[in-house]
Amino acid sequence: MRAPYHRLSIAEDPKNFVSKGQVLALGINARQGGTFERRLVAEGYRTVEFFEHEGSVGMNVPVLDLKAEFEELRGEILPALERVCTNASFILGTEVEAFEREFADFCGTKHCVALANGTAALHLGLLALGVQPDDEVITTPNTFLATAEAISYCGAVPIFVDIDPTTANLDPKLIERAITERTRAILPVHLYGRPADMDAIGEIAERHNLRILEDAAQAHGARYRGRRVGGLGTLAAFSFYPTKNLAAYGEAGAITTNDDQIAKFARAARSHGQTARYEHEFVGYNYRMHGFQGAVLRVKLRHLYRWTAKRQQIARDYRRLLAGARLELPVDAPRDEGVYHQFVIYTANRNKVVAQLAARGIETVIHYPRPVHLQPAYSSLGCPPGTFPHAERACERVIGLPIHPGLTSEQIAYVANAVREIVGIE
Ligand SMILES: Cc1ncc(COP(=O)(O)O)c(C=O)c1O
């Protein structure tokens with residue numbers, strides 16, 4: 001982010017609309033801020049930082065603004081944290097139990113089992129499916145390492161299948177040829193909040209008697225043919241890492257499922273295999289969610305509908321404003337309702353584009369710079385460059401633009417204009 005010479009609080013919510021004159025009156029010097037600015041944010045104003053860029057005004061656009069989000073929620077978050085302290089329910093406890101019920105309702109599943117993080121959810125999810133050493137699990141190389149790591153934790157082997165370049169998700173057409181007698185499960189990732197093609201994957205799984213674990217870490221609330229992710233496979237793993245659409249104030253994750261046995265297993269496995277206090281039926285893990293995280297997640301879940309609608313609106317705005325620019329965008333299938341954890345574009349000369357956006361104050365993320373099969377951690381799989389060409393091309397070209405619910409329409413237009421200027425028009 002560039003050093004600002006001015007911070008300005010802008011009313012974004014129409015009910016707080018202020019005229020241009022009033023906006024200027026709300027301008028506060030970059031060295032000030034503090035309480036006054038906090039109050040403005042709490043009232044629905046957004047703070048935007050300006051600086052001088054090549055003779056004109058530049059604007060800082062962060063990929064995320066968790067401080068502003070906290071100011072907006074301060075009045076709800078602090079009492080929720082206090083409840084945890086008052087009840088001294090620091091590990092699992094009443095807030096976590098309430099969150100489990102509320103999140104299961106949200107996903108339309110019978111169970112939610114709250115866990116320590118999303119990687120733990122993937123790990124327990126695979127164990128619940130009976131994945132054992134030397135089994136194979138089919139997944140995408142275009143994901144965060146944790147997806148593959150969870151397979152390795154079980155002693156099993158990740159078998160990568162290339163992505164569909166139009167969606168960046170696992171290509172179902174390529175799955176069947178990767179199935180062997182050792183294949184135990186399929187692990188699709190709903191990357192960037194866009195659901196994987198679950199009907200096509202489900203048909204293959206059924207034909208080969210395989211079960212499906214959804215990696216829904218980036219897709220809270222996304223819908224596939226009208227049904228929420230989380231209940232589309234045998235079970236799903238969610239992450240509530242602080243940058244996610246539904247995010248804790250620390251590490252947190254969960255499994256959702258309609259299967260009673262799986263939920264029962266996950267509840268015991270997260271707490272040292274206990275089915276009752278000091279009754280350890282098997283060797284489990286310490287994968288429990290903290291009470292504070294449950295409390296924060298309950299508060300944030302109530303805002304998730306509004307935040308998701310805002311992300312979807314920003315995505316529509318970007319698509320409209322970027323029409324004709326020399327870049328590629330993933331395709332939104334009409335059957336899907338994605339939740340836009342990331343809004344990605346694909347460009348040639350990615351690093352140059354990123355540097356030029358940074359010079360204009362625009363932060364970007366690269367999800368991901370290298371596919372999992374080309375990471376040193378998975379060199380032993382022996383998949384050289386060229387093995388999964390679509391995933392590799394995506395990783396060379398992908399750029400994630402800022403898409404958080406706190407963005408103002410000025411920032412969205414500023415980002416889109418900058419991208420058009422940098423990549424050019426077709
Ligand atoms: C696709 C995907 N899978 C798994 C994870 C792991 O989640 P966590 O960081 O909560 O362990 C993440 C989050 O970083 C993710 O994005």
Given (1) out of contact with any strand residue (DSSP E or B) (no Cβ under 9 Å at 6 or more places or on another chain); (2) free of Cβ contacts under 8 Å to residues at least 60 places away in the same chain; (3) hydrophobic (A, V, I, L, M, F, W, C); (4) within 16 Å of the ligand (Cβ to nearest atom), number of the condition Leu170 does not satisfy: (1)
Among (1) over 30 Å from Glu49 (Cα atoms); (2) free of Cβ contacts under 8 Å to residues at least 12 places away in the same chain, the one test that Leu381 misses: (2)
Test: residue in the range 264-277 that is on the phi > 0 side of the Ramachandran plot and within 14 Å of the ligand (Cβ to nearest atom): no
Neighbours by Cβ (under 6 Å, 6+ apart or cross-chain): first from the range 408-425, within 16 Å of Ala359 (Cβ to Cβ); second assigned to a helix (DSSP H, G or I) and modelled with pLDDT under 95: none
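Here is a check on your reading of the model: is Ala394 farther than 30 Å from Tyr249 by Cα, assigned to a helix (DSSP H, G or I) and in contact (Cβ under 8 Å) with a residue 12 or more places away in the chain? Explain how you work it out, then say what you get.
Numbers: farther than 30 Å from Tyr249 by Cα: yes; assigned to a helix (DSSP H, G or I): yes; in contact (Cβ under 8 Å) with a residue 12 or more places away in the chain: yes.
So Ala394 fits the description; yes.
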Filter pass, Ile345 being touching a strand residue (DSSP E or B) at 6+ places or on another chain (Cβ under 7 Å), within 25 Å of Gly233 (Cα to Cα) and touching a residue at least 24 places away in the same chain (Cβ under 8 Å): no
Residues of the range 85-110 satisfying the condition of being more than 18 Å from Asp215 (Cβ to Cβ) and surrounded by 22 or more Cβ atoms within 10 Å (Cβ to Cβ): Glu95, Val96, Phe99, Glu100
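Of the residues in the range 166-202, how many are among the acidic types (Asp, Glu) and crowded, with 18+ Cβ neighbours inside 10 Å? So that I can check it myself, show each step before the final result.
Our first condition is that a residue be among the acidic types (Asp, Glu); within the range 166-202, this holds for 171, 176, 181, 197, 199.
Checking the rest, the ones that are also crowded, with 18+ Cβ neighbours inside 10 Å come to 171, 197.
Result for the range 166-202: 2.
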Qualifying residues in the range 229-246 (those that are assigned to a strand (DSSP E or B) and not hydroxyl-bearing (Ser, Thr, Tyr)) - the one farthest from the ligand (Cβ to nearest atom): Leu235
Conditions (1) surrounded by fewer than 24 Cβ atoms within 10 Å (Cβ to Cβ); (2) within 12 Å of the ligand (Cβ to nearest atom); number of the one not met by Gly118: (1)
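Go over the candidates Glu102, Glu149, Glu97 one by one and state the one that is within 30 Å of Met198 (Cα to Cα), acidic (Asp, Glu) and within 16 Å of the ligand (Cβ to nearest atom). So that I can check it myself, show each step before the final result.
Values: Glu102 fails: within 16 Å of the ligand (Cβ to nearest atom); Glu97 fails: within 16 Å of the ligand (Cβ to nearest atom).
Testing whether each residue is within 30 Å of Met198 (Cα to Cα), acidic (Asp, Glu) and within 16 Å of the ligand (Cβ to nearest atom) leaves just Glu149.
Please verify whether the range 203-224 includes one or more residues that are surrounded by fewer than 24 Cβ atoms within 10 Å (Cβ to Cβ), within 16 Å of the ligand (Cβ to nearest atom) and of a type outside the set (D, E, K, R).
Initial filter on the range 203-224 (surrounded by fewer than 24 Cβ atoms within 10 Å (Cβ to Cβ)): 203-212, 221, 223-224.
If we keep only those that are within 16 Å of the ligand (Cβ to nearest atom) too, we end up with 212, 221.
Filter again for of a type outside the set (D, E, K, R), leaving 212, 221.
Yes, some residue in the range 203-224 is surrounded by fewer than 24 Cβ atoms within 10 Å (Cβ to Cβ), within 16 Å of the ligand (Cβ to nearest atom) and of a type outside the set (D, E, K, R).
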Residue within the range 273-283 that is touching a residue at least 24 places away in the same chain (Cβ under 8 Å) and in contact with a Gly (Cβ under 8 Å, 6 or more places away or on another chain) present: no
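Scan the range 249-262 for residues that are part of a loop (DSSP other than H, G, I, E, B) and either more than 9 Å from the ligand (Cβ to nearest atom) or among the basic types (Lys, Arg) (or both) and jot them down. Quick ask: steps written out before the conclusion?
Going residue by residue through the range 249-262, those that are part of a loop (DSSP other than H, G, I, E, B) are 249-252, 258-259.
Answer for the range 249-262, where residues must be part of a loop (DSSP other than H, G, I, E, B) and either more than 9 Å from the ligand (Cβ to nearest atom) or among the basic types (Lys, Arg) (or both): Tyr249, Gly250, Asn258, Asp259.
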Criterion: part of a strand (DSSP E or B) and away from the ligand (no atom under 16 Å from the Cβ) - qualifying residue of Val137, Val84, Val113, Val57: Val57
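More than 30 Å from Leu401 (Cβ to Cβ), surrounded by fewer than 20 Cβ atoms within 10 Å (Cβ to Cβ) and touching a Phe, Trp or Tyr at 6+ places or on another chain (Cβ under 7 Å): which single residue out of Leu124, Leu81 fits that description?
On the way: Leu124 fails: surrounded by fewer than 20 Cβ atoms within 10 Å (Cβ to Cβ).
Selected residue: Leu81, the only one of Leu124, Leu81 that is more than 30 Å from Leu401 (Cβ to Cβ), surrounded by fewer than 20 Cβ atoms within 10 Å (Cβ to Cβ) and touching a Phe, Trp or Tyr at 6+ places or on another chain (Cβ under 7 Å).
The values are calculated or read from the model by the stated rules, or taken from the named source; none is laboratory data. Note that the coordinates shown come from a computational prediction; the quantities given were computed from them, not determined experimentally. Glycine also receives a Cβ, built like all others from the backbone with ideal geometry; neighbour counts cover every protein chain displayed.
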